[in-house]
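The values are calculated or read from the model by the stated rules, or taken from the named source; none is laboratory data. Every value quoted in this text rests on a predicted model; they were computed, and no experiment measured them. Cβ placement follows ideal geometry from the backbone for every residue including glycine, while neighbour counts extend to all protein chains displayed. Areas reflect the complete protein model, heavy atoms only, side chains present, ligands, DNA and RNA absent. Shrake-Rupley method; radii C 1.70, N 1.55, O 1.52, S 1.80 Å.
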Amino acid sequence: MSWQRSVFRSDQRAVIIKSEESKSLPAEDSITYQNESTVTGGSLSDLKPDQRHGALRGAQLLAVALQAEGVDTLFGYPGGANLEIFDALPEFGIRCVRTEHEQGAVHAAQGFARATGKVGVCLATSGPGATNLVTGIADANSDSTSIVAITGNVPSSLLGKNAFQEVDIVSITKPITKRNYLVRRVSEIPDIVR
């Protein structure tokens, strides 16, 4: 798998996911279907050509899950470990407000949540990008403001090996979040986002 996501949820509201028709990639997109994992854990290259149009990559699955939860706005700062997510958001009608720093993204998500009553969502890259969210996550937790912070991470094969920009953001944020997840398989994304 080329990427992992850590999702931190600081609200405890139960939300029912609605069935949404998934968007698909064109079948002629041969680059996308090289040896990347599918939701079932198999390789996309193992799919028959007529099945490929319905297969979703992890970033697309995340966007579908966010859309199903009513997310229409996300605040974030792009980096190497989350670019694929940024690319998928417009396809699913999610507007991304690019900030100049990850800390700005988490505080913007917090302000959005307070102003609209919706859950604020922010997105950052791995390592230092993820740690730049910590102050805003702690502030949202102490003020009982509902936010979801999503970060990129190193490839799963490099977890725990002190790889470039690897940080155990799950352990760092456990004391300041109500829910905290490390996504290890793409198939976990919908349940975690719920």
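Here are the numbers:
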{"read-out": "Residues located in segment 77-97, provided they are aromatic (F, W, Y) and touching a residue at least 60 places away in the same chain (Cβ under 8 Å)", "value": "F92"}
{"read-out": "Which listed residue, of A105, A149, A115, is touching a Ser or Thr at 6+ places or on another chain (Cβ under 6 Å) and among the aliphatic types (A, V, I, L, M)", "value": "A105"}
{"read-out": "Identity of the residue in segment 133-166, β-branched (V, I, T) and under 17 Å from H101 (Cβ atoms), that ends up nearest to the chain's Cα centre (by Cα)", "value": "I150"}
{"read-out": "Residues that are among the β-branched types (V, I, T) and farther than 23 Å from D72 by Cβ, drawn from segment 126-160", "value": "T131, V134, T135, V154"}
{"read-out": "Residue ranges of helices (runs of 4 or more DSSP H) in segment 64-132 with at least 3 members more than 15 Å from the chain's Cα centre (by Cα) and more than 21 Å from Y181 (Cα to Cα)", "value": "102-116"}
{"read-out": "Criterion (open to solvent by less than 10 Å² (accessible area, probe 1.4 Å) and not polar (S, T, N, Q)) met by exactly one of F92, F75", "value": "F92"}
{"read-out": "Condition met for A115 (among the small types (G, A, S), open to solvent by 10 Å² or more (accessible area, probe 1.4 Å) and either modelled with pLDDT under 90 or over 17 Å from T151 (Cα atoms) (or both))", "value": "yes"}
{"read-out": "Within segment 159-173, considering residues that are touching a residue at least 24 places away in the same chain (Cβ under 8 Å) and not aromatic (F, W, Y), the one farthest from A130 (Cα to Cα)", "value": "L159"}
{"read-out": "Given (1) closer than 16 Å to G80 by Cβ; (2) at pLDDT 95 or above; (3) not charged (D, E, K, R), index of the condition L158 fails", "value": "(2)"}
